[in-house]
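We did not get these values from a lab; they are worked out from the coordinates using the rules stated. Since the model is a prediction, treat every value here as computed from it, not as a measurement. Here the Cβ positions follow ideal geometry from the backbone for every residue, glycine too, while neighbour counts run over all protein chains shown.
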Amino acid sequence: MWKAKTFAVNVLVGLVLAGPLAALALVALPEQWRGPAVPWTVVALAVALVALVRRPKRQSD
Amino acid sequence: MNVRRALPLCLAGLFLAANAAIAADRDPCRQMPTPQAGVPQSRYAWGGAVTHLIDDNTGTAMRLRRLPSGALEVDIDGDRLEVRKTLHANGDFDLAIRADDDLFAVARRGEHVRVSRRNRTVDLGTETLGEADLDQLQQLLAGSGAVRRFRAMRSMLAATTRRTGLGVAVDMIDMLIGVLKGEAPTPIPATTAPTVSAMSYVDGEAEFNGPSCYAVWEAEVIAAWNDYAECVYSFPWYSPLREVCAFAWVIRVESAWFRLIGCSSIPIKVEAFDVESEDIRR
């Protein structure tokens with residue numbers, strides 16, 4: 001249950017972050033690279049980034 | 001406040017700082033071509049709404065894009081053939097077809113049409129068009145390699161290309177040539193009429209049946225960026241009002257982003273299942 005909630009939060013935060021990131025990527029990329037794949041790639045990267053940042057830390061001994 | 005709670009604030013600050021820094025290094029006019037005299041400029045410029053297509057049969061590269069002035073531009077690059085048509089928002093158009101050294105050009109401005117080929121020009125008034133004008137046009141177009149090559153290319157286009165917006169643009173150019181040559185107009189066959197599937201809409205390929213979700217988002221993002229750059233450059237570099245520009249940009253692109261997500265969701269449609277036609281094992 002906890003993992004599902006964590007996953008859902010990661011996806012939601014990733015989606016919110018992906019908006020401005022995708023917009024920046026669109027204006028920064030050359031015109032020939034633009035396309036529908038850009039925003040969805042950014043979504044995947046943003047969700048992965050959020051999951052990485054929010055991963056549980058190991059307890060040090 | 002622990003690190004996890006501070007993370008969203010840090011990221012938001014990073015966004016504001018990063019995009020302000022990026023904007024400071026960019027020319028605000030980079031996304032928009034230099035405005036031309038006499039052409040009205042829309043506030044929300046479309047900087048990147050472009051459709052590319054390569055025909056399967058002929059290998060012809062085609063491109064349709066919307067210019068910041070609101071005009072539509074079609075570029076066709078085929079085997080020793082170049083075509084460019086620009087349709088302005090007020091209905092005027094420019095058409096140029098080049099094959100080898102044969103350049104055929106047509107321009108319409110209001111009630112006047114100018115047709116030129118090989119240092120010869122015919123000026124026509126659409127309201128005063130007479131038989132003598134048509135004779136002149138036919139002499140002008142006689143033996144045009146550019147027109148012949150264009151029509152050959154059109155006749156070999158794949159059916160899938162003909163059904164796209166670019167295919168219809170090719171048909172329209174062909175009809176215009178037919179009118180100039182005094183031919184009877186031929187209707188576009190129903191089999192090549194544009195069709196669109198739900199998935200092509202989702203995939204961002206449905207330019208001919210209204211802009212796709214992606215095209216709308218892209219246009220809004222480019223327009224937001226242009227407005228943001230304009231806003232940033234209207235304040236001195238030390239002014240904190242630049243951050244307000246960044247905040248407005250973030251709000252605008254987030255709004256466009258969630259509209260894209262809502263627009264792109266896969267449509268769920270339950271079809272009535274035809275039991276009679278199924279071979280059911282008993």
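Could you give the length gained by full extension between B:A96 and B:S239, i.e. 0.36 nm per residue of separation minus their alpha carbon distance, to one decimal place? Intermediate values should be presented prior to the final figure.
Working: separation 143, 0.36 × 143 = 51.48 nm, distance 4.88 nm.
Gain on extension, B:A96 to B:S239, equals 46.6 nm.
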Set the Förster distance to 35 Å, then compute FRET efficiency between B:R63 and B:R259 from the Cβ-Cβ distance, nearest 0.05.
0.85
Long-range amide H contacts for B:F93: which residues qualify at under 5 Å (H placed 1.01 Å from N, peptide plane, sequence gap of 5 or more or a different chain)?
B:H88, B:R108
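Can you give the Kirkwood hydrodynamic radius for segment A:2-53, in Å, rounded to one decimal and based on Cα pairs?
Details: mean 1/r = 0.0877 Å⁻¹.
Kirkwood radius, segment A:2-53: 11.4 Å.
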Rounded to the nearest Å, the spacing of the alpha-carbon centers of segment B:222-242 and segment B:86-164 is 44
